[in-house]
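Undergrad: The following block contains the structure, expressed as structure tokens.
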Protein chains: 2
Amino acid sequence: MAPPRYIQLPEGLKPAGVPGSELLAYERSKASFDSKAMAEYIHGKDFLELQERLVNLLSNDPIFDKTSDHYYGRADKFRRAMLKDKRLAQLAAEHNWSQTENAMAEKLADLPGPMGLHKSMFLTTLYNQGSDEQRKVFYEPASKYQIIGCYAQTELGHGSNVQGIETTATWVEESQEWEIHSPTLTASKWWIGGLGRTADHAVVMAQLIIKNKSYGPHPFVVPIRDVKTREMLPGRTIGDIGPKAGYNTTDNGFMLFEHVRIPHFNLLARFSKVEPETGKYLPPPNAKLAYGTLTWVRANIVRDASTVLMRAVTVAIRYCAVRRQFADRDAPKFGQDGKPLETQVLDYTMVQIRLFPILAQAFAFHYTSRFMFELYEQNQANIESGDLSLLADTHASSSGLKSLTTLYASDAIEVCRKACGGHGYSMASGLPDFYANYLPNATWEGDSYMLSQQCTRYLFKTMRAIKSGRGKVDKNITTDYMIRYLDNKSEKASIQFSGDLYDPLFFMRAFGHRAAYLTEQTLALRDDLKRSWNSLLVELFRCSKAHSQYLLVRNFGMAILKDEKLNSQPALRQIVQKIFLLWACHTMEAESADFLASGYITGQQFHLLGSKVQEIMAELRPNAVALVDAFAVPDYLLNSALGRSDGNVYEALFDFALREPINSAKWNVDIEDLETTDFDSDLPRAKL
Amino acid sequence: MAPPRYIQLPEGLKPAGVPGSELLAYERSKASFDSKAMAEYIHGKDFLELQERLVNLLSNDPIFDKTSDHYYGRADKFRRAMLKDKRLAQLAAEHNWSQTENAMAEKLADLPGPMGLHKSMFLTTLYNQGSDEQRKVFYEPASKYQIIGCYAQTELGHGSNVQGIETTATWVEESQEWEIHSPTLTASKWWIGGLGRTADHAVVMAQLIIKNKSYGPHPFVVPIRDVKTREMLPGRTIGDIGPKAGYNTTDNGFMLFEHVRIPHFNLLARFSKVEPETGKYLPPPNAKLAYGTLTWVRANIVRDASTVLMRAVTVAIRYCAVRRQFADRDAPKFGQDGKPLETQVLDYTMVQIRLFPILAQAFAFHYTSRFMFELYEQNQANIESGDLSLLADTHASSSGLKSLTTLYASDAIEVCRKACGGHGYSMASGLPDFYANYLPNATWEGDSYMLSQQCTRYLFKTMRAIKSGRGKVDKNITTDYMIRYLDNKSEKASIQFSGDLYDPLFFMRAFGHRAAYLTEQTLALRDDLKRSWNSLLVELFRCSKAHSQYLLVRNFGMAILKDEKLNSQPALRQIVQKIFLLWACHTMEAESADFLASGYITGQQFHLLGSKVQEIMAELRPNAVALVDAFAVPDYLLNSALGRSDGNVYEALFDFALREPINSAKWNVDIEDLETTDFDSDLPRAKL
């Protein structure tokens, strides 16, 4: 529940000048398109309807009230998240929610809870990797919350390198059991969501060892707490790992095992199996097939990165339209009332150059996540019919894109926060928490710096294959641009006038040429100069980035050229085309060292890009607020005094301040008196 | 006090492989120089001795114990900071601390407290702007903590633009009083440190109005709370503004006035005065003289930025030397014991390229802050003798450098945090809090994006003056490089072999040429094409950045060439020279679009820079740990499980986890039961 207002304000005070609500209304009246039609084009009708329905449901339930979160300490944060997860489970059962509805409700409630990993990785693993019988014994009760689980892979000393984990599961022939053990301190499971205080079962990844031979990491189901008493079971040492930058509403945990025995049955055996009588290990059929799921997970991450940008830039653009600061040096100094006229912050080009490319990037990520889902479907269909030709390309691109988009999105939230000036620093802006909770995306599911190597490894392989004989290579997006490059190595940018930039194909060609050029250059260092892999990591990262940026340019460009839904709505097409142009010019300018150094563009052409960016920013300015309206991020999700759709920013900042609990007490400032801090307080005190 | 360990670990467990302490010892044994000698060269003996003395004092006083901070909620965080500020005040009195000792103790205690602004802005303003009598009435009791104050300038609707503040101080002729009033909601004072719950007096900046005429913002001393009862005085509405990304240990506050009367005496009148009998306003003599203090404040900010980099990169480099992950693709796959050999993360070039330039930047900022203090001294001496010629140049450079260094330093903390992988996200790393508390530096004392305009405005003025007649311009650093450029506009980089890069003068010339080139180009847009100021903000920012980078290159380069202390110690000189080379090449590569587009360097030369960066990183690698040792950041200040000088990272992470208070309770996961969350807890509960 919202805390009371501890202080009364003098009556009748209003913000100076034009109210925020009027400023936003004025902004909206200037739009050259219908923001509702744009929202439908971006998200689809179903999404918008569902979102509205769930916002109504959640925002009227006191358990999902967000007003108090920022005042809590860790224990209360965790309490609230536990309640929220329980209530979500009740609602899901009550309304028989689909996966889409569940995911949307989670996103809107926006509080990573102790059962998050139960609902995702625990259930998914039990289902996908469990035999039919294991599904019955583990998956079914878990899906009804009769057991609560977590997914225990990462260890204190081992993150991205799964092969290096130390926890062992040793086959005990006599009793036909597994013995789970942590041989060292660094073998402790660590970071495991829901493990700290909540889960009673864990899927534990451990090195499977039979007769002193290791078969690598496999998943085991291990009971860890008594389902009724919630006491730790013998041989387990479990706890919460302590506070983090974000995610303090989740009990990320650690776990050590001392020779814990579990039945043979508890090795998840849909793929690999061990014969209980003989102890014989039966390996899985095709390990590469798991890449399909990975691609799906990463397509989701890219889509999330797009919605992250939408949310952050909505806050910043709305607030910068309401906030006024300084008069333009060229503007008249005083208005009719004799007071200085201050400029909307959004009119400053230095603010635009930070925010508009983020707005445009949201579109770019959107089109590429759509493309990845299509590619995933196509790939799955191919696999069904035994065709694995798309697998490697899809997997490599998804690695590169995951790396690029998560790094970009986390940085972008901070850029938006800083563009809000001082008030961006207040928790009332909604951005500090949002940033802190989004950050792990750049690390989990493959650290973004590590992961890029997988992409470049594939680029190398492909480039080598093409060079050694084109007939044998599969035709796909990557081979297409590489072959094009190899046939036109000395290609130069053809643009001469700024109007030449209106051709999306120019950017697609340019970014394809650059990606292939960097790959060829770096490959030569590896193959010809025999440079070590490690000495090339910086260049490898650059290749993966160039490839991923090519995909973003290509998918966005293709939408401009071929998306029928877009092209049938002139008002939408016109603005999206501008957004593409801004984004493509800005990205090319940001990466211009590559294009300049290779001689692909000249200094003259470089300056054309910068001027075009300025020109398009001015054209986009009147549509900025309508564009973020079209992102359709509900106020309930924004949870931001600065980004609210009604523009009543200053009233909301005051409301936030008046409810701060430390305002309910008087404090003792007498420096001689170290005993008393607050005179008259019933504020909670930590017992530490 | 440190909370207890709530969970017992199994006995005798150790981290796998070589212990962190041995790895760091091995790293230290490889150094090519004495890190103690380097520490003395960087900081000086006095600094190091004082630091050691104060670390001993504070780290043994339970009030300055830092182990519990991360578990607290807002109220407890504030309580602890209040205690800390009181104890610091006691110690300062007891030991009769100098300003240096006070500042060092504050820095080491590292907890922005409710009396921070009392000690800085409140006391400084009373002293600098108060008449002799006002010093007696206000400054003296304040310096003894008999009254506690804050500095109330920023308003809800007005940050960087001080001229735009709305609070009024109107002269009441009849009673010879000032009436302080907040006409609107946005006029509310906001963000004021120490105002929320602590201060009983405020220096309030308000528009001074006499007979309907406004004379702009002036400082007034306003009593706001009863010194004894701590109750708000009539006509004031005061409170804390609520939680923020960082600084939650400080009560940043808001304040509204309803026609509050204060005596004539309370306008701080060292410079501007008002005659009480006539109401006649007497303006200050020379407003520009205030620039001196500003320069001093900013020199401090640049020095702080340097120490911020030192602290962050110490954590990251030590941890990356202890952390091992994956084997190099070219390395042998297995060691003698049959286990895979994992590489120290610091050996990965992708990690080096993120951390080593930060290490180098710390040196660059260090030399420039030293230069700024010298310039400040020289400038003050000049002013004493009536020579104002250095004032404008010093002020402009300090604006540009404040802007550049604070933006860079806040980004760098995040880069270091991310380089620590998953564990960087834990509060135990010390980096999330450090980042959150440092952030305001990019906003306060002039928003870094706004401030850059002041620098470029001066660059324009100087360039115009030189072009219209050189004889009349003062000789200084800026005119020097501009004249050099105007005489050699078509200059090109002379480097041909990678060895040519060893000349610091090459970089100094190159960055000077670029700064002047950008200024000339941008000035032409303004003066010849008559572009509006606002449409040029992006270019203006770029000019300020280029000028500031030139200063950094120059000051670092001059140290290599001329610093006798350095040049007399060959082991130190040799390594610092490498650091300069890495930093200069890396910075030039990062900014290469400018150099390439202007034709100053070719694509070939561009590639020389990148190769040299890789080469020097490999040479610096064995010295990396010794270099951060030389930064001499005490463990007590680092407060980081990852950065500790003994390398016992994993034990420290466990210690942090075991003390997490939510580990003291059992939690109810029954989804039907929304009433009970924790079964058996005496954890504090928020009353909201």
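Undergrad: Give me the accessible area of B:Ile671, 1.4 Å probe, in Å² rounded to the nearest 10.
TA: That residue has around 20 Å² of solvent-accessible surface.
Undergrad: List every residue whose amide H lies under 5 Å from the amide H of B:Glu155, counting only residues 5 or more places away in sequence or on a different chain, with H placed 1.01 Å from N in the peptide plane.
TA: B:Trp190
Undergrad: So how exposed is B:Arg531, as accessible area in Å² (1.4 Å probe, rounded to 10)?
TA: 70 Å²
Undergrad: Sticking with this one: To confirm my reading of the symmetry, which residue of chain A has the Cβ nearest the axis that brings A onto B, and what whole-Å distance does it have?
TA: It is A:Gly73, 1, counting Cβ atoms only.
Undergrad: When the Karplus curve 6.51 cos²θ - 1.76 cosθ + 1.60 is applied with θ = phi - 60°, which whole-Hz ³J(HN,Hα) does each residue of the range B:85-91 get, with x for Gly and Pro?
TA: Coupling constants for the range B:85-91: 5, 5, 5, 4, 5, 4, 4 Hz.
Undergrad: Please give the Cα centre distance for the range B:578-623 versus the range A:358-396, rounded to the nearest Å.
TA: 37 Å
Undergrad: Could you tell me how far the Cα centroid of the range B:493-542 sits from the Cα centroid of the range B:91-118, in Å?
TA: 43 Å
Undergrad: How far is B:His259 from itself in the other copies, in nm, if each label sits 7 Å out from Cα along the Cα-Cβ line, shortest first?
TA: Result for B:His259, in nm, nearest copy first: 8.5.
Undergrad: Still on this model: Using per-residue counts of other Cβ atoms within 10 Å, averaged over each peptide, order B:618-628, A:235-245, B:492-502 from highest down.
TA: The packing order, highest mean first, is A:235-245, B:618-628, B:492-502.
Undergrad: In the range A:255-318, which trypsin sites (Lys or Arg not before Pro) fall in coil by DSSP and have 12 or fewer other Cβ atoms within 10 Å?
TA: Loop-located and lightly packed - A:Lys280.
Undergrad: Let me ask you something else. For the range A:430-466, which residues drop by 50 square angstrom or more in accessible area between the chain on its own and all protein chains together (1.4 Å probe)?
TA: Residues meeting the cut-off: A:Tyr449.
Undergrad: Let me ask another. Sort shortest first the distances from B:Ser532 to its counterpart in every other copy, using label points 7 Å along the Cα-to-beta-carbon line, and give them in nm.
TA: Counterpart label points of B:Ser532 in the remaining copies fall at 5.7 nm.
Undergrad: When Cβ neighbours within 10 Å are restricted to other protein chains, what is their mean count per residue of peptide B:4-13?
TA: Values: counts 1, 1, 2, 6, 1, 6, 8, 1, 1, 10.
So the per-residue partner count for this stretch is 4.
Undergrad: How many angstrom lie between the Cα centre of the range B:129-146 and the Cα centre of the range A:138-182?
TA: If you average the Cα positions of each part, the centres end up 67 Å apart.
Undergrad: A follow-up question, please. Work out the mean other chain Cβ neighbour count within 10 Å for the residues of B:676-682 and drop it here as an integer.
TA: 3
Undergrad: State, as an integer percentage, the relative contact order of the range B:122-285 based on alpha-carbon contacts under 8 Å between residues 6 or more apart. Spell out each step's value before the answer.
TA: Values: 368 pairs, mean separation 40.5, N = 164.
Once divided by the residue count of the range B:122-285, the mean separation gives 25 percent.
Undergrad: Students sometimes get this wrong: rank B:Tyr26, B:Tyr481, B:Tyr281 by accessible area, probe 1.4 Å, all chains present, largest first.
TA: Output order, biggest surface exposure first: B:Tyr26, B:Tyr281, B:Tyr481.
Undergrad: Could you sort out which of A:Lys578/B:Lys530; A:Lys418/A:Lys666; A:Lys77/A:Lys228 sit more than 31 Å apart by Cα distance in this structure?
TA: Among A:Lys578/B:Lys530; A:Lys418/A:Lys666; A:Lys77/A:Lys228, the Cα-Cα distance tops 31 Å for A:Lys418/A:Lys666.
Undergrad: Then there's this: Pairs of alpha-carbon atoms within less than 8 angstrom and 6+ residues apart define the contacts here; what relative contact order does chain A have, in percent? If you can, show how the numbers build up before the last one.
TA: Working: 1033 pairs, mean separation 113.1, N = 688.
The value is 16 percent.
Undergrad: Would you mind giving the mean number of other chain beta-carbons within 10 Å of the Cβ of each residue in B:72-85, as a whole number?
TA: Mean number of neighbouring Cβ atoms from other chains: 6.
Undergrad: Heads up, I need the accessible area for A:Phe265: 1.4 angstrom probe, whole protein in place, Å², nearest 10.
TA: Answer for A:Phe265: close to 60 Å² accessible.
Undergrad: Follow-up question, since we're still on this one. Please work out whether chain B counts as rounded, prolate or oblate from its C-alpha gyration tensor, where a ≥ b ≥ c are the square roots of the eigenvalues and a/c under 1.5 means rounded, while otherwise a/b larger than b/c means prolate and anything else oblate?
TA: Values: a/c = 1.98, a/b = 1.11, b/c = 1.79.
Since a/c reaches 1.5 but b/c is at least a/b, the shape of chain B is classed as oblate.
Undergrad: Work out from phi, with θ = phi - 60° and the Karplus expression 6.51 cos²θ - 1.76 cosθ + 1.60, the ³J(HN,Hα) of each residue of the range B:666-682, listed in order in whole Hz, and give x for Gly and Pro.
TA: Values, residue by residue: 9, 10, 8, 9, 5, 6, 7, 9, 8, 7, 9, 9, 9, 6, 9, 9, 10 Hz.
Undergrad: Keeping every protein chain present and rolling a 1.4 Å probe, give me the accessible area per residue for the range B:221-284 in Å².
TA: 39 Å²
Undergrad: Given an 8 Å cut-off on Cα distances and at least 6 residues of separation, report the relative contact order of the range A:597-688 as a percent.
TA: Reported as a whole number, the value is 13 percent.
Undergrad: Continuing with this model, one more query. In nm, one decimal, shortest first: how far is the label point of A:Gly603 (7 Å from Cα along Cα to beta carbon) from the matching points in the other copies?
TA: 1.6
Undergrad: Could I ask something else about it? Amide H of A:Ala199: which non-local residues (sequence gap of 5 or more, or other chain) have their own amide H closer than 5 Å, using H built in the peptide plane?
TA: The list, which skips near neighbours in sequence, is empty: none.
Undergrad: Helix-derived [θ] at 222 nm for the protein assembly as shown: sum -39500 (n - 2.57) over DSSP H runs of at least 4, divide by residue count, nearest 500?
TA: After summing the helix terms and dividing by residue count, I get -16000 deg cm²/dmol.
Undergrad: Hey, what do the phi angles of the range B:111-118 turn into as Karplus ³J(HN,Hα) couplings, whole Hz, using 6.51/-1.76/1.60 and θ = phi - 60°, x for Gly and Pro?
TA: For the range B:111-118, the Karplus-derived couplings read 8, x, x, x, 9, x, 6, 4 Hz, x marking Gly and Pro.
The values are calculated or read from the model by the stated rules, or taken from the named source; none is laboratory data. This structure is a prediction, so every number in the text was calculated from the model and none was measured. A quick note on method: Cβ atoms are made from the backbone with ideal geometry, for glycine too, and the neighbour counts reach across all protein chains shown. Protein only, heavy atoms only, side chains kept; ligands, DNA and RNA dropped before computing areas. Shrake-Rupley method; radii C 1.70, N 1.55, O 1.52, S 1.80 Å.
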